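The structure appears right after this line, and notes come after that.
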Amino acid sequence: PKVLINNKEVDFLEASLLDGQVEKVVMNTSEPETYQGLPLSISFSGGNLENPAISPGDVDPFNYQLGILIMALITGAYVIIGGLKAVIITDVIQSALLLLAGLLVAFITFSQPEIGGWASLMDRDLGPEGVERFHLYNASNHPALPWTGVLSGLMVLHFYYWGTNQFIVQRALSATTDKEAKMGIIAAGFFKLLIPFFSIGTGIAAFYLFKDRNLEVAQDAVFIKLLTELISPLGFGLVGLIAAGMIGAILSSLDSMMNSAATIMTFDLYKKYLNPDADDRKLISVGRFWIIVFIVLAGFITIYTMDPNSKDSFFLHVAKHQGNLIAGVVVAFFLGMCWKRATAAGGVAAILAGVLFSYSIPVLYANLAEGNQTLIDLFGSKLNFMHGAFVSALLSAQVHIVISLQTQPDEEKGKLTWIGLQIFSAKELSVFLKTLLFCLAIYATLATLVISEIIPPAMAAFIGAIWTFFCFFLSASHKAKSVGIATYREDRFWAGGLASCAIFMLFYFF
């Protein structure tokens, strides 16, 4: 552990405690320190009396593994017993707790005198001592979040999560009507927009708060530190409430994974290929078996691949590994929906090629970048995983097209496209693509004006948001008239509100 004398870290050889009190501190210095006239305060930062090998702020590996086991048992129990209905009901409760916990932590953090509210934090971040963490766009060679990766590979990840991820798809399919499914996704999008304020904003506030209080905190330990420093002294059971929300978020992801994976194994493999005549009782038994298999597998993977004391960002760690697997999946879905000539062989080839490209491209880039300063200045010495995901998606699309053209298409499955299913007519799709290209041109123009400092980001944000909502409003009003309903009851109207808010934030935090 670290030893602090009068809140100043000192170099020491040995420190010992007796009955919770400091018994002895042996300094590692040839010159004696003097503290005459000062009330002597000796404190420890980090460390563990039961396991001296643990570094300051680190998690005991035994407690980490025990926590994984407990969460696996709890989640596995209610998913096996209740199925998708139990998953959805518990997720609603857990989501409410998570939202409440996040807002509560944000409110208390921003209420600290060192922060002084949102506006004060924004001014400080943009001031002389600020590090400008409210900016979304970093240099293209930034190791974590390059702007080129955010606008390319990160979009691939978003298309995967919101369009093809079984977690989202299964919830949409569980809706009673198409309209409820669409509005559910839109509502989830509005909740998603709260994250920059109560999650990212709170993290930035914590950065300055801990800086003012001379506390060194690892980025993945910030939330726990906020609980111990700010929430715990307030009492009222707030720590328990917030902890319940955080644990609920973990359980929500875990139960979704297990239920979705078991569904795929049961219906797409077992029933389709092994036992087409299986009754519901048999399918339920098979599904429960696979839930047990996946929960055990997930537990082992988590224990043996993730270091709980890693100083790297856990979110970026997960996104990086996920990005290596999804480029081909996005391509297979996209071409399958848009191109009637796409074949199953092409889709499988794209998925496999996407994984191969995702793991090989960074290695190839490292060889190309060695000694190439121009390339390093553009994209860094190591290729960011977002860039890799985007390039992998482009190459996977080429593989999909080539293989599809070399194989025989299924005429019936070829009708399962946006146009074939009459989701869009050919004319509507053409108008949509032209409008999309025109919008991208407007956004690029606004970005150029902001970069050139001709207009401020706030003005670009308002212009971009108004234009975005206008485009959606025209489409919503046209659709509403054709079916005889009010415009505000059309889902495209609310989708326009969501999209305009997102565009506003993309420019406002330029």
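Overview of results
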| read-out | value |
| --- | --- |
| Residues of the stretch 323-376 that turn out to be at positive phi and of a type outside the set (Gly, Ala, Ser), as a count | 0 |
| Test: residue in the stretch 124-143 that is over 30 Å from residue 375 (Cβ atoms), in contact (Cβ under 8 Å) with a residue 12 or more places away in the chain, in the same structural domain as residue 291 (by TED's automatic domain parsing) and more than 17 Å from the chain's Cα centre (by Cα) | yes |
| Residue satisfying condition, being under 28 Å from the mean Cα position of the chain (by Cα), surrounded by 12 or more Cβ atoms within 10 Å (Cβ to Cβ) and modelled with pLDDT under 90, within set 385, 390, 379 | 385 |
| Among (1) modelled with pLDDT under 85; (2) touching a helix residue (DSSP H, G or I) at 6+ places or on another chain (Cβ under 7 Å); (3) buried (at least 17 other Cβ atoms within 10 Å of the Cβ) - the single one residue 229 does not satisfy | (2) |
| Candidate set from the stretch 479-510 (those that are among the hydrophobic types (A, V, I, L, M, F, W, C), part of a helix (DSSP H, G or I) and over 17 Å from residue 468 (Cβ atoms)); member that is modelled with the lowest pLDDT | 483 |
| Single residue of the stretch 211-224 satisfying the filter (in a helix (DSSP H, G or I) and free of Cβ contacts under 8 Å to residues at least 40 places away in the same chain) that is farthest from residue 244 (Cα to Cα) | 211 |
| Residue check for residue 227: within 29 Å of residue 133 (Cα to Cα) and either touching an Asp or Glu at 6+ places or on another chain (Cβ under 7 Å) or assigned by TED's automatic domain parsing to the domain that holds residue 504 (or both) | no |
| Selection from the stretch 171-192 of residues that are surrounded by 14 or more Cβ atoms within 10 Å (Cβ to Cβ) and either within 30 Å of residue 373 (Cβ to Cβ) or touching a residue at least 24 places away in the same chain (Cβ under 8 Å) (or both) | 171, 174, 182, 183, 186, 189 |
| Count - residues of the stretch 203-214 that are more than 16 Å from the chain's Cα centre (by Cα) and surrounded by 14 or more Cβ atoms within 10 Å (Cβ to Cβ) | 8 |
| Check on residue 271, among the basic types (Lys, Arg), under 26 Å from residue 174 (Cα atoms), surrounded by 15 or more Cβ atoms within 10 Å (Cβ to Cβ) and touching a helix residue (DSSP H, G or I) at 6+ places or on another chain (Cβ under 8 Å) | yes |
| Residue match in the stretch 419-435 (condition: buried (at least 17 other Cβ atoms within 10 Å of the Cβ) and hydroxyl-bearing (Ser, Thr, Tyr)) | no |
| Checklist (1) closer than 30 Å to residue 335 by Cβ; (2) in contact with a helix residue (DSSP H, G or I) (Cβ under 7 Å, 6 or more places away or on another chain) applied to residue 434, failing item | (2) |
| Candidates 417, 435, 468 - the one that is within 24 Å of residue 196 (Cα to Cα) and either under 27 Å from the mean Cα position of the chain (by Cα) or at pLDDT below 95 (or both) | 468 |
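Here is a yes/no grid of residues against (1) at pLDDT 80 or above; (2) within 27 Å of residue 166 (Cα to Cα); (3) β-branched (Val, Ile, Thr); (4) under 23 Å from the mean Cα position of the chain (by Cα):
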position: 219; (1), (2), (3), (4): no, no, no, yes
position: 267; (1), (2), (3), (4): yes, yes, no, no
position: 270; (1), (2), (3), (4): yes, yes, no, no
position: 273; (1), (2), (3), (4): yes, yes, no, no
position: 277; (1), (2), (3), (4): yes, yes, no, no
position: 287; (1), (2), (3), (4): yes, yes, no, no
position: 290; (1), (2), (3), (4): yes, yes, no, no
position: 294; (1), (2), (3), (4): yes, yes, no, yes
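For every residue, the table says whether it meets (1) free of Cβ contacts under 8 Å to residues at least 24 places away in the same chain; (2) within 22 Å of residue 155 (Cβ to Cβ); (3) among the aromatic types (Phe, Trp, Tyr).
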site	(1), (2), (3)
433	yes, yes, no
444	yes, yes, no
448	yes, yes, no
453	yes, no, no
473	yes, no, yes
492	yes, yes, no
503	no, yes, no
508	no, yes, yes
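Residue by residue, here is whether (1) assigned to a helix (DSSP H, G or I); (2) within 24 Å of residue 505 (Cα to Cα); (3) aliphatic (A, V, I, L, M); (4) assigned by TED's automatic domain parsing to the domain that holds residue 135 holds:
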site: 411; (1), (2), (3), (4): no, no, no, no
site: 414; (1), (2), (3), (4): yes, no, no, no
site: 417; (1), (2), (3), (4): no, no, no, no
site: 421; (1), (2), (3), (4): no, no, yes, no
site: 431; (1), (2), (3), (4): yes, no, yes, no
site: 442; (1), (2), (3), (4): yes, yes, yes, no
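The values are calculated or read from the model by the stated rules, or taken from the named source; none is laboratory data. Just so we're clear, the structure is a prediction, and the values are computed from it rather than from any experiment. A quick note on method: Cβ atoms are made from the backbone with ideal geometry, for glycine too, and the neighbour counts reach across all protein chains shown.
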